[in-house]
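Undergrad: Structure below; questions to follow.
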Amino acid sequence: MPGISNIIENFIKEMLEEAEDGIIELGRNELAEQFGCAPSQINYVLTTRFTPYKGYYIESRRGGGGYIKIVKVGIEEDEAMEDLIINAIGDSITKNKAYHIIEGLVEEEIISLREGYMMKAAIEDNALRNATKNKNKLRADILKNMLLIVMR
């Protein structure tokens, strides 16, 4: 018998398949009630099974039962983007390497110059000044999420 995490994952994936645009919105507490588990179990499934590496963008809001928006982005359909997200960015990336990736995307006209400036602003050291450790890991996570949204 599959564990609760597998059941929740499969349920969410089925909902994403049925969604015309690959976007679903869920209530964290309602989903937890439906499966008879704690909302933290829903969070666990989302953070471990629906990652940018697997082509998912998660938008979450706490309070009022919590709302979750899940976007499926077909990175496996774009080998160059999949390679960029998994291999070039990885778990951690320096500011200079991230800037080079963004500049390459601008040059290839995958993103606009304005989008490039905004992406750089979001991952620059000043924007991450409150991250006391793992700044490059946080930078990688932010960059991957921005790329997933650009791909939509």
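The values are calculated or read from the model by the stated rules, or taken from the named source; none is laboratory data. Remember, it's a predicted structure, so these values are computed and weren't measured experimentally. A quick note on method: Cβ atoms are made from the backbone with ideal geometry, for glycine too, and the neighbour counts reach across all protein chains shown.
Undergrad: So which of Ala88, Ala98 is at pLDDT 80 or above, in a helix (DSSP H, G or I) and among the small types (Gly, Ala, Ser)?
TA: Within the list Ala88, Ala98, the selection yields Ala98.
Undergrad: Next up: Kindly indicate whether Ile93 is among the aliphatic types (A, V, I, L, M), at pLDDT 90 or above and not assigned by TED's automatic domain parsing to the domain that holds Glu59.
TA: Yes: the conditions hold for Ile93.
Undergrad: Would you pick out the residues in region 19-29 that are assigned to a helix (DSSP H, G or I) and at pLDDT 90 or above?
TA: Listed by number, the list is empty, since nothing qualifies.
Undergrad: Test Tyr56 against the stated conditions and say whether it is modelled with pLDDT of 80 or more, of a type in the set (Phe, Trp, Tyr) and under 21 Å from Phe11 (Cα atoms).
TA: yes
Undergrad: Would you please name the residue that is farthest from Ile89 (Cα to Cα), looking only at residues in region 112-133 that are within 18 Å of the chain's Cα centre (by Cα) and touching a residue at least 24 places away in the same chain (Cβ under 8 Å)?
TA: The residue in question is Glu115.
Undergrad: Pull out all pairs, ordered by first then second residue, where Cβ-Cβ is under 9 Å, the residues are six or more apart or on different chains, the first lies in region 1-16 and is touching a residue at least 40 places away in the same chain (Cβ under 8 Å), and the second is basic (Lys, Arg).
TA: Ser5/Arg49; Glu9/Arg49; Ile12/Arg49; Leu16/Lys72
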